[in-house]
Amino acid sequence: MAHTDCLPPSSNPVTSSMKAPEVLIVEDEKLLRLMIAKLLQVSGYRVFTCGDSLQALELVEKKSFDLVITDLMMAGATGMDVLRAARKCQPRAKVIIITGTPSSQTLLEAKREGAYAYLRKPFQLKQFLSILKDAIEHTRMRYGYQYQGKDGSGISESGTRNVEL
């Protein structure tokens, strides 16, 4: 079984008043996996990595993630298998497919299976981080995360302020 690289959480959370989003990166190319992990870690994400898709399938059944970023083509199981397992075990998690061999067929299949995004490698880092931020924001809004307003009141998912009297 392949080794899972687990990186510690960053000391610079995305939003200091909230829990750092937890991200699983499933990529068989070690250099790319470590580069994405480091980029996300310094951006405030708590990062877990797998270089083996079969190990990733086991991990998504045991641990909850906010985001799963998976390569499409890997030995053993594919990124589509990881996508399906993540959607089944943790439906609130957003899954992003990355691939060096994009096709309209796999794009349509990924969307049909519930992928949040489908990116062609190599991708622009700024665009990649923007998609991740949007995915996290979408999850927080959809599942009713609370935000702190400047005046100390809470802001609900509908955007209305909850003021304590």
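Overview of results
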| read-out | value |
| --- | --- |
| Dipole magnitude of the stretch 22-162 about its Cα centre (Cβ charges: Lys, Arg +1; Asp, Glu -1), debye to nearest 20 | 360 debye |
| The stretch 103-118-the stretch 51-80 distance, computed between alpha-carbon centres (Å) | 16 Å |
| Length-normalised contact order for the stretch 22-162 - Cα pairs under 8 Å, 6+ apart - percent | 17 percent |
| Net +/- balance of residues flanking TYR116 in space, Cβ distance below 9 Å, scoring K and R +1, D and E -1 | 0 |
| Rough spin-label spacing in nm, given labels placed 7 Å along Cα→Cβ, for SER64 and GLN124 | 3.5 nm |
| Neighbour net charge for CYS89 - beta-carbon separation under 13 angstrom, K R +1, D E -1 | +3 |
| Net length gained if the chain between ARG112 and CYS89 were fully extended (0.36 nm per residue, minus Cα distance) | 6.6 nm |
| Cα-derived Rg over Rh, computed across the stretch 36-127 with Rh taken as Kirkwood radius | 0.93 |
| Cut-off 9 Å between beta-carbons: net charge of the residues surrounding VAL23, Lys and Arg +1, Asp and Glu -1 | -1 |
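Readers should treat all values here as calculations from the given coordinates under stated rules, not as data from a laboratory. Predicted, not measured: the structure shown is a model, and the values here were computed from it. Every residue, glycine as well, gets a Cβ built from its backbone with ideal geometry; the counts of neighbours run over all protein chains shown.
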